[in-house]
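Trainee: What follows is a single structure, and I will ask about it in a moment.
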Amino acid sequence: MYLLSQKNKTVSLLLFLISLFFSNISFAESAVESIDNPAKFSSTLELLLSKSYKDKEQAIEKLVTTKDERVKKILEAMLNARLFYTKQDKKIVIGEKQDDGFLITDQLTQKQIGTVNKSELKKIRVNNKLRRILRSAIATLSLSSADADERLDAVKQMFGKTDNAAIANLKEHLDTEKNKKVRDEIETLISINDLKTGNKETQLTAIKDLSKSLHSEVRNELELLKNNDDPEIANASAAAAKRIDERLSVYEKINTAFFGLSLGSVLVLAAIGLAITFGVMGVINMAHGELIMLGAYTTYVIQQLMPNHIGMSLVVAVPAAFMVSAIVGILIERLVIRHLYGRPLETLLATFGISLILQQAVRTIFSPLNRSVETPQWMSGSLEINPALSLTYNRLYIILFCLAVFALLFLIIKKTRLGLSVQAVSQNRSMARAMGIRASRVDALTFGLGSGIAGIAGVALSQLTNVGPNLGQAYIIDSFMVVVFGGVGNLWGTLISGFTLGIANKFMEPWAGAVLAKILVLVFIILFIQKRPRGLFPKKGRAAEG
Amino acid sequence: MYNLLKDDRGGQIFLVLLTFAAILVPILNLSTGVDNPFHVSTLTVTLVGKYLAFALLALSVDLVWGYMGILSLGHGAFFALGGYAMGMYLMLQIGDRGVYGNPDLPDFMVFLNLKELPWFWNGFDNFWYAMIMVALVPGLLAFVFGALAFRSRVTGVYLSIITQALTYALLLAFFRNELGLGGNNGLTDFKDILGFSLQADSTRIALFIASAIALGLGYLACRAIVVSRLGKVAVAIRDAEDRVRFIGYRVDRVKLAIFTFSAVLAGIAGALYVPQVGIINPGEFSPLKSIELVVWVAIGGRTTLYGAVLGAFIVNYSKTYLTGAAPEIWLFALGALFVLVTLYLPNGIVGLLKRRRVEA
């Protein structure tokens, strides 16, 4: 306590200096009615302590007019229920939840006070009306931000919530706004307002302007105008709505295709390792799914080891997962599969046994519950191309990652010495041996490579689905389908079949539902194999008979 | 019958044991008191009855895998379909004794707001119709699937994988409530069969005897196929399919006949299984179950028929024991069995016994 009061003294000194500084600024632009001295800022802030929501409302309005840079943060905290006051000295603070209480920051002085117990704090309560006011206040404040993205967000927030004052505000802001995107959004907002309030002339121009927009708000407003008494307006808005619908449906298709591509990438990632072990070597590895699972768990473990560097941990996890799965894969090959070459059905059974053992091992070590793997900052959020089309970053990264892995694997197989040996052994084992290739070593390495790629797939999957003991099982059948559909022994075939199946699945989902879409895809593949038992792109020539 | 079993010592022993069990177990269960050391509890009777159904299923797998070289990873699907057919009959026997007390609709349909029975439920209130369906549904599926697959010469691993896809697709389908077969809860809460309460000891004994008889007849039927010319061609197909085709046999028809028969057998096994355990749900379609039953056959020893039965008993008994005593261990043990048997016991336990005898 003593220390605190000591601190308070320095704080108040600092406060005095700061307030001096601010008062100068406020004097310089006190054209608007504003609170131009620190005492008033703090007294306005104190209004927030009031029990009455009306007082709080006033306080918020006054705070906005101060144009003080502290205000926005305070209002945001208030909206998120993180704004408190200390019971003892009624200081307004923002509290960050910690393990042992709340880390609080005094809002008057912007000084961190320290961690206190929850019982020492009291939350500043808000109701729904206040929340609405807060949101629009924050939006207004953000509009004057220096950061264009923040302004853009602020404008977007205002859709559907504008009133005359806000529109006037926006019109005023438009004069100074330089950024094109922000301008477009503001103009859309103003046009929507024109639709509702303007005379016939402005309504018609607004409809014309809006027919290029893709906002759902615009669509709704136009829909309402379709029943307008004036046939000219009704027709114009119907035509505009139709144009918008057409464009929307195009974007929706693009969106579905994007979803399909990302699902396809997942399938390709899961199957590409199998394309090596099954396709090139001819080994039925039913433990392939569990090798993916091991990769996902490796990601989890590495994230536990470096909890403060989530993004970095993911980067580290890629080679680590490759190594873990590759080593397990090589062990499997050396200990079991080696003895079963030429007996595919037995290989299938033995590797299935291994998959059970791996599953149970994970269950014993990590518990049967799903583990959560965190997503780094740069993978969350989405790339917004226009209001109707936004691509989430994690899906975008998965697609890029899949293509990168595929390219790498392709280069390894086509351009390296190992790849050459792999091809030689798979085409004609005894001839390859006669040329001095150590076939059994190549087998082990190839299997390790395929397994390692499965591990990498696990890293990617850990970002999309739950990491649990059943992760592998969920993908094994899909993986086999992709490889068989694409044509065994053909990497390109795997890529194309994965993407095809992914996109087909997503396009069927809207009318068939997720489960039925999957069933239909399975049935389709079963029938397809009847027609073309060797897949889309069968091996040709002598290699096909091996 | 004499001809069937002439060269089949294992089969003779098995059938004798089975007959003994079918006679002795009911006597020991019904005539002795609970404290009698020779008493066989009803629980055990049901358990062994379940194993008998599994043994019949194993038999059907051995027939196609051991004698024809088709490793089906979807036989669980035929088993489950037979089970569902039986389950539908039992479901309609509940009548108004369900929770909702609706005399026409099973509980889950009332729950799903259905107004009348879906069309494919019609007729299932008749036992004999249901029994025909038990054989017909799996048989038909196997026939259509096999006709497509065998004609286009899908063989080996590819066939295994698409049979697995088949059962996986069915698994997904049966999980859907819209299918009208109880969704993921499946069919359960059965009350009685042919008017006899399923809870009664005597009914359980009857089911046990029925399973034993079905297994015995199933064995003889498989044996009859195996020693017939059809069976000989099947073995030839397993060993050199192209050669058999070049000689002039219609390979696809031989395969189709035996595959379909095997599926019917699996369906019957499912129908015997359901009243004894009292539930059938989509879990039976899971690819894991189908692979598990391949392991029964592999462990017992394939291409002997009685080996499959032996394997079904051994694996399921250890499963019952281990999942009770040390559930953690069960998957480890099962996994290890897969690996060790394929590596070191290509002919299963039966093969081990035979080798001993040759050495001695």
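Trainee: Evaluate segment B:261-280: report whether one residue or more is without any contact (Cβ under 8 Å) to a residue 60 or more places away in the chain and under 20 Å from B:Ala308 (Cβ atoms).
Mentor: no
Trainee: Could I ask something else about it? Can you go through B:Val350, B:Val309 and tell me which one is closer than 22 Å to B:Gly82 by Cβ and part of a helix (DSSP H, G or I)? Please lay out each step first, then the result.
Mentor: Values: B:Val350 fails: closer than 22 Å to B:Gly82 by Cβ.
Step by step, each of B:Val350, B:Val309 is checked, and only B:Val309 is closer than 22 Å to B:Gly82 by Cβ and part of a helix (DSSP H, G or I).
Trainee: From B:Ala173, B:Ala212, B:Ala200, B:Ala206, which residue is at the interface with another protein chain (Cβ under 9 Å from one of its Cβ atoms) and either touching a Ser or Thr at 6+ places or on another chain (Cβ under 9 Å) or at pLDDT below 95 (or both)? Before the answer, list the steps.
Mentor: Working: B:Ala212 fails: at the interface with another protein chain (Cβ under 9 Å from one of its Cβ atoms); B:Ala200 fails: at the interface with another protein chain (Cβ under 9 Å from one of its Cβ atoms); B:Ala206 fails: at the interface with another protein chain (Cβ under 9 Å from one of its Cβ atoms).
Within the list B:Ala173, B:Ala212, B:Ala200, B:Ala206, the selection yields B:Ala173.
Trainee: Select from segment A:367-390 the residues that are in a loop (DSSP other than H, G, I, E, B) and away from chain B (no Cβ under 12 Å) and list them in ascending order. Step through it out loud before you land on a result.
Mentor: If we filter segment A:367-390 for residues that are in a loop (DSSP other than H, G, I, E, B), which is where we start, we get A:367-370, A:372-376, A:380-381, A:387-388.
Listed by number, the residues that qualify are A:Leu369, A:Asn370, A:Ser372, A:Val373, A:Glu374, A:Thr375, A:Pro376, A:Ser380, A:Gly381, A:Pro387, A:Ala388.
Trainee: Determine if segment A:99-117 includes at least one residue that is out of contact with any strand residue (DSSP E or B) (no Cβ under 9 Å at 6 or more places or on another chain), surrounded by fewer than 18 Cβ atoms within 10 Å (Cβ to Cβ) and touching a residue at least 12 places away in the same chain (Cβ under 8 Å).
Mentor: Among the residues of segment A:99-117, at least one is out of contact with any strand residue (DSSP E or B) (no Cβ under 9 Å at 6 or more places or on another chain), surrounded by fewer than 18 Cβ atoms within 10 Å (Cβ to Cβ) and touching a residue at least 12 places away in the same chain (Cβ under 8 Å), which makes the answer yes.
Trainee: Of all residues being aliphatic (A, V, I, L, M) and surrounded by fewer than 24 Cβ atoms within 10 Å (Cβ to Cβ) in segment B:275-294, which is nearest to the other protein chains (Cβ to nearest Cβ)? Just the residue, please.
Mentor: Checked segment B:275-294; the qualifying residue nearest to the other protein chains (Cβ to nearest Cβ) is B:Leu288.
Trainee: For segment A:146-160, which positions are touching a residue at least 12 places away in the same chain (Cβ under 8 Å) and surrounded by 13 or more Cβ atoms within 10 Å (Cβ to Cβ)?
Mentor: Across segment A:146-160, the qualifying residues are A:Ala148, A:Arg151, A:Leu152, A:Ala154, A:Val155, A:Lys156, A:Gln157, A:Met158, A:Phe159.
Trainee: Okay, next question. Starting from residues that are basic (Lys, Arg) and within 33 Å of the chain's Cα centre (by Cα), keep the ones in segment A:81-117 and report whichever is farthest from A:Arg135 (Cα to Cα). Break it down into steps so the answer makes sense when it comes.
Mentor: Filtering segment A:81-117 for residues basic (Lys, Arg) gives A:82, A:87, A:90-91, A:97, A:111.
If we keep only those that are within 33 Å of the chain's Cα centre (by Cα) too, we end up with A:82, A:97.
Values: A:Arg82: 15, A:Lys97: 23 Å.
The extreme case among them is A:Lys97.
Trainee: Quick test for you: out of A:Ile272, A:Ile284, pick the one residue that is surrounded by 21 or more Cβ atoms within 10 Å (Cβ to Cβ), within 30 Å of A:Ala517 (Cβ to Cβ) and within 14 Å of chain B (Cβ to nearest Cβ).
Mentor: Numbers: A:Ile272 fails: within 14 Å of chain B (Cβ to nearest Cβ).
Matching residue, one of A:Ile272, A:Ile284: A:Ile284.
Trainee: Considering only segment B:35-55, state which residues are at pLDDT 95 or above and more than 13 Å from B:Phe208 (Cβ to Cβ).
Mentor: Within segment B:35-55, B:Phe54 is the sole residue that qualifies.
Trainee: I want to confirm something. Restricting to segment A:495-515 and keeping residues that are aliphatic (A, V, I, L, M) and modelled with pLDDT of 90 or more, which single residue is nearest to A:Leu261 (Cα to Cα)? Full working, then the answer.
Mentor: Looking only at segment A:495-515, we keep the residues that are aliphatic (A, V, I, L, M), and these are A:495-496, A:501, A:503-504, A:508, A:512, A:514-515.
Add one more test, that the residue is modelled with pLDDT of 90 or more, and what stays is A:495-496, A:501, A:503-504, A:508.
Numbers: A:Leu495: 11, A:Ile496: 11, A:Leu501: 9, A:Ile503: 6, A:Ala504: 10, A:Met508: 14 Å.
Here the answer is A:Ile503.
Trainee: For segment B:140-156: of the residues being touching a residue at least 24 places away in the same chain (Cβ under 8 Å) and either among the β-branched types (Val, Ile, Thr) or under 17 Å from B:Phe285 (Cβ atoms) (or both), which is nearest to the other protein chains (Cβ to nearest Cβ)?
Mentor: Per the stated criteria, the residue is B:Thr155.
Trainee: Which numbered condition trips up B:Leu181, out of (1) crowded, with 21+ Cβ neighbours inside 10 Å; (2) closer than 24 Å to A:Val523 by Cβ; (3) out of contact with any strand residue (DSSP E or B) (no Cβ under 8 Å at 6 or more places or on another chain); (4) among the aliphatic types (A, V, I, L, M)?
Mentor: (3)
Trainee: Ok, one more. Taking the stated definitions as given, is B:Gly95 modelled with pLDDT of 90 or more and surrounded by 14 or more Cβ atoms within 10 Å (Cβ to Cβ)?
Mentor: Numbers: modelled with pLDDT of 90 or more: no; surrounded by 14 or more Cβ atoms within 10 Å (Cβ to Cβ): yes.
In short, no.
Trainee: Just to check your reading of the model, which residue among A:Asn199, A:Asn179, A:Asn193, A:Asn164 is polar (S, T, N, Q) and under 21 Å from A:Lys72 (Cβ atoms)?
Mentor: Numbers: A:Asn199 fails: under 21 Å from A:Lys72 (Cβ atoms); A:Asn193 fails: under 21 Å from A:Lys72 (Cβ atoms); A:Asn164 fails: under 21 Å from A:Lys72 (Cβ atoms).
Result of the check over A:Asn199, A:Asn179, A:Asn193, A:Asn164: A:Asn179.
Quick grid of which residues meet (1) in contact with a His (Cβ under 6 Å, 6 or more places away or on another chain); (2) farther than 19 Å from A:Ile399 by Cβ; (3) crowded, with 21+ Cβ neighbours inside 10 Å; (4) outside the structural domain of A:Thr299 (by TED's automatic domain parsing):
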{"residue": "A:Arg433", "(1), (2), (3), (4)": "no, yes, no, no"}
{"residue": "A:Gly436", "(1), (2), (3), (4)": "no, yes, no, no"}
{"residue": "A:Ala439", "(1), (2), (3), (4)": "no, yes, no, no"}
{"residue": "A:Leu449", "(1), (2), (3), (4)": "no, yes, yes, no"}
{"residue": "A:Ile453", "(1), (2), (3), (4)": "no, no, yes, no"}
{"residue": "A:Gly458", "(1), (2), (3), (4)": "no, no, yes, no"}
{"residue": "A:Thr465", "(1), (2), (3), (4)": "no, no, no, no"}
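Trainee: For A:Thr364, state whether it is within 18 Å of A:Gly458 (Cβ to Cβ), within 13 Å of another protein chain (Cβ to nearest Cβ), of a type in the set (S, T, N, Q) and part of a helix (DSSP H, G or I).
Mentor: Numbers: within 18 Å of A:Gly458 (Cβ to Cβ): no; within 13 Å of another protein chain (Cβ to nearest Cβ): yes; of a type in the set (S, T, N, Q): yes; part of a helix (DSSP H, G or I): yes.
Against the criterion (within 18 Å of A:Gly458 (Cβ to Cβ), within 13 Å of another protein chain (Cβ to nearest Cβ), of a type in the set (S, T, N, Q) and part of a helix (DSSP H, G or I)), A:Thr364 does not qualify.
Trainee: I'd like to check something: does segment A:198-212 contain any residue that is outside any helix (DSSP H, G or I) and surrounded by 18 or more Cβ atoms within 10 Å (Cβ to Cβ)? Before the answer, list the steps.
Mentor: First pass over segment A:198-212, keeping only residues outside any helix (DSSP H, G or I): A:198-199, A:211-212.
Going one step further and asking which of them are surrounded by 18 or more Cβ atoms within 10 Å (Cβ to Cβ), we end up with A:211.
Within segment A:198-212, one or more residues are outside any helix (DSSP H, G or I) and surrounded by 18 or more Cβ atoms within 10 Å (Cβ to Cβ).
Trainee: Another one. With the structure loaded, tell me whether A:Glu290 is of a type in the set (Asp, Glu), outside any loop (DSSP other than H, G, I, E, B) and farther than 30 Å from A:Val442 by Cα or whether it fails that test.
Mentor: Values: of a type in the set (Asp, Glu): yes; outside any loop (DSSP other than H, G, I, E, B): yes; farther than 30 Å from A:Val442 by Cα: no.
So A:Glu290 does not fit the description; no.
Trainee: Identify, please: which residue in segment A:332-361 is under 11 Å from A:Met286 (Cβ atoms) and small (Gly, Ala, Ser) and is, among those, nearest to the other protein chains (Cβ to nearest Cβ)?
Mentor: A:Gly353
Trainee: Output the number of residues of segment A:441-468 satisfying the condition of being modelled with pLDDT under 90 and more than 27 Å from A:Ser265 (Cα to Cα).
Mentor: 0
Yes or no, residue by residue, for (1) surrounded by fewer than 19 Cβ atoms within 10 Å (Cβ to Cβ); (2) in a helix (DSSP H, G or I):
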| site | (1), (2) |
| --- | --- |
| B:Thr19 | yes, yes |
| B:Asp35 | yes, no |
| B:Phe54 | no, yes |
| B:Ala77 | no, yes |
| B:Gly87 | no, yes |
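Trainee: Being assigned to a loop (DSSP other than H, G, I, E, B) and over 16 Å from A:Asp89 (Cα atoms) is the filter here; which residues of segment A:111-136 pass it?
Mentor: Once the filter is applied, which keeps residues that are assigned to a loop (DSSP other than H, G, I, E, B) and over 16 Å from A:Asp89 (Cα atoms), segment A:111-136 yields A:Arg125, A:Val126, A:Asn127.
The values are calculated or read from the model by the stated rules, or taken from the named source; none is laboratory data. Source: prediction; values computed, not measured. When we count neighbours, we look across all protein chains shown, and the Cβ atoms used for this are built from the backbone with ideal geometry, even at glycine.
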